[in-house]
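Input: a single structure, listed below in structure tokens.
Computed from the coordinates by the stated procedures, all read-outs in this text should not be read as laboratory data. Values in this document were obtained by computation on a predicted structure and should not be read as measured data. Cβ: placed from backbone, ideal geometry, glycine included. Neighbour counts: every protein chain shown.
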Amino acid sequence: MSTDTNPRSPLVVVANRLPVRWSDDDGGEGSWIPSPGGLVAAVGPAISTFDSATWIGWTGGEDEVEPFELEGLRLHPVAIGAEEKVLFYDGMSNGTLWPLYHDKAVPAEFHRHWFEGYRRINRRYAEAAAATAAEGGTVWVHDYQLQLVPGMLREVRPDLRIGYFLHIPFPPPELFVALPWREQLAAGILGADLAGFQTPDAAANFRRLAVRLGLAEYGEEGSDTIIVGDRTVKACAYPIGIDVEHYEQAAMDPATTDRARDLRARLGAPQTVLLGVDRLDYTKGIDVRLRAVLELLEDGTLDPGRVTMIQVAQPSRDDVEAYITLREEVDRLIGQINGDYARVGFPVVHYIHQDVEFDELMAMYRAADVMLVTPFRDGMNLVAKEYVAARYDLTGALVLSEFAGAATELSDAVLVNPYDIDGMKAAILRAVSMEPPQARERMEKLRRAVQSNDASEWGQRFLADLGQIPI
Ligand code: ADQ
């Protein structure tokens with residue numbers, strides 16, 4: 001590929017997916033359109049401080065696509081074949097690393113051919129980054145699918161400043177060391193100059209692991225740096241935020257107020273609306289939350305004539321076995337709740353197993369009195385922050401798992417241990433019956449926490465800190 005069609009950029013972002021999707025909604029030939037999401041919101045404003053930037057990622061399809069430009073951003077697609085996807089994405093990324101890092105009852109599987117596929121695809125991303133980054137440039141690699149990339153990139157481009165950010169939890173070394181490829185996976189991240197994690201605990205786990213594996217030594221006491229040969233690697237927390245203004249303004253839009261009012265009316269004007277919004281993922285604790293609601297109905301503590309729940313579950317990884325099983329369990333629980341407690345025309349749980357439009361999501365956040373965020377383990381959880389941003393009138397209550405990264409900042413939520421079903425029931429009741437002054441006081445504190453960590457500042461802070469590191 002000539003450098004004319006592939007100019008080098010001072011900033012290269014490497015993520016599993018490109019921030020675009022193919023659309024033929026216009027009935028024409030089709031085109032790439034931006035697909036908004038948390039990562040674009042967080043990285044976008046930081047990108048604009050560089051002369052130019054390239055984003056390397058997978059399109060989601062099998063076809064080779066030439067690099068192209070969209071809204072000033074250079075996009076460099078990585079092609080992944082169907083069989084390669086099974087090894088790299090379904091296998092090693094989502095069958096090994098995802099369950100292991102989330103410390104969840106779905107056992108992580110270890111397969112040599114998955115790891116080989118993972119390594120091959122990581123190499124492909126690293127080569128793309130090596131070919132597109134300008135001399136002395138900055139490369140920012142994202143997430144667990146691309147853990148080997150920083151190390152691979154450093155081998156061929158020691159001139160680069162390399163950052164890595166892990167969006168999901170990083171497990172305690174005691175769990176991580178079960179991985180047959182533990183040295184390689186840890187050394188991959190150590191190829192970065194700055195390794196960012198969602199929480200201080202995750203960063204500490206990583207530093208401890210690197211030392212335990214003999215790949216690094218602790219730096220100065222009390223510092224978050226570790227020494228790797230003649231290099232220093234900083235490993236610390238950068239809790240990700242949301243685009244607060246975007247959510248607040250959408251929430252305050254009179255059209256959202258109308259939609260929320262209409263939504264409550266369509267639900268039969270219940271006294272209390274409970275809401276869950278998640279990817280349909282076994283780490284999110286959707287099943288345990290439904291079980292708690294079912295038991296509260298059985299106990300008679302929740303009145304199905306007064307309480308209604310909306311559960312939105314975005315389809316996700318639906319060709320992976322554990323996700324199919326979860327879907328069946330969620331279907332079954334909702335069927336049981338509605339079978340036992342609904343009246344004709346008034347289901348107790350309204351279940352949406354679909355993507356929902358942003359406007360609709362905002363109306364739900366505005367309509368919900370209680371937001372249930374109960375993951376067994378979550379890197380951060382943006383839904384919790386989005387709900388808080390939407391509650392500009394200081395109403396509403398957030399029930400939040402203490403094992404979500406968000407709990408570090410949002411300690412004024414009603415915190416729950418998702419493994420403790422009685423505790424979860426008590427937390428839901430507490431949130432449902434919270435007096436307005438108390439709800440107000442908590443929401444005020446929650447909002448301050450969300451507002452003080454905006455997505456754009458997050459990206460800028462990470463890149464500014466990376467820029468400060470002497471290389
Ligand atoms: P996720 O596991 O995807 O992210 P989360 O942080 O909650 O989890 O983000 C989900 C996003 O998808 C939210 O912005 C939410 O509004 C949106 N969403 C959910 N359901 C939807 C639906 N049905 N339709 C449309 N949009 C929907 C990973 C990590 C998290 C970490 C983020 C960011 O697992 O822990 O917070 O990355 O780093």
Share antiparallel - DSSP beta bridges, the chain, percent rounded to 5: 20 percent
With Cα atoms, 0 to 90° folded angle of helix 200-212 axis to the chain main axis: 40 degrees
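Considering only region 244-452, what is the antiparallel percent among its DSSP beta bridges, to the nearest 5?
5 percent
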Set of aspartates and glutamates with alpha-carbon distance to K385 below 16 Å, sequence-local pairs under 8 removed: D243, E245, E248, D278, D369, D393, E402, E409, D412, E444, D454, E457
Per-residue ³J(HN,Hα) for region 339-344, Karplus 6.51 cos²θ - 1.76 cosθ + 1.60, θ = phi - 60°, Hz, x for Gly and Pro: x, 7, 10, 7, 10, 4
Whole-Hz couplings from phi, Karplus 6.51/-1.76/1.60, listed for region 76-86; x for Gly and Pro: 10, x, 10, 8, 10, x, 4, 6, 5, 4, 4
Cut-off under 5 Å, modelled amide H: who pairs with Q314 long-range: D278, R279, L280
Helix 254-266 vs. the chain, principal-axis angle (Cα, 0 to 90°, nearest 10): 50 degrees
Cubic angstrom per residue, convex hull over Cα atoms of region 346-407: 113 Å³
Virtual spin-label span in nm between E62 and D303, 7 Å along Cα→Cβ: 5.8 nm
Fewest-first sequence of K284, K425 by Cβ atoms within 10 Å of each Cβ: K425, K284
Equivalent-ellipsoid semi-axes of the chain, from the Cα gyration tensor, Å, largest first: 39, 24, 22
Whichever lysines have a C-alpha closer than 26 Å to that of K85, once near sequence neighbours (fewer than 8 apart) are set aside: K104, K284
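Sort 61-70, 39-48 for me by packing, meaning the mean count of neighbouring Cβ atoms within 10 Å per residue, highest on top.
39-48, 61-70
Using the number of other C-beta atoms within 10 angstrom as an exposure proxy, rank V388, V211, V139 with the fewest first. Write down the numbers at each step before the final one.
Values: V388 31, V211 15, V139 28.
Ranked by crowding around the Cβ, least crowded first: V211, V139, V388.
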Under Karplus coefficients 6.51, -1.76 and 1.60, residue-wise ³J(HN,Hα) of region 285-299 in Hz, glycine/proline x: x, 5, 5, 5, 5, 5, 4, 4, 5, 4, 5, 5, 6, 5, 5
Length gained when the stretch R182-E127 is fully extended (0.36 nm per residue, less Cα-Cα span): 17.6 nm
Per DSSP, loop GluC sites (Glu not before Pro) in region 207-236 with at most 12 further Cβ within 10 Å: E220, E221
Per-residue Cβ neighbour rank within 10 angstrom, fewest leading, M434, M380, M252, M371: M252, M434, M380, M371
Percentage, to the nearest whole number, of Cα pairs in region 244-452 over 30 Å apart: 14 percent
Surrounding net charge for A426, when Lys and Arg each add one and Asp and Glu each subtract one, Cβ distance under 12 Å: -2
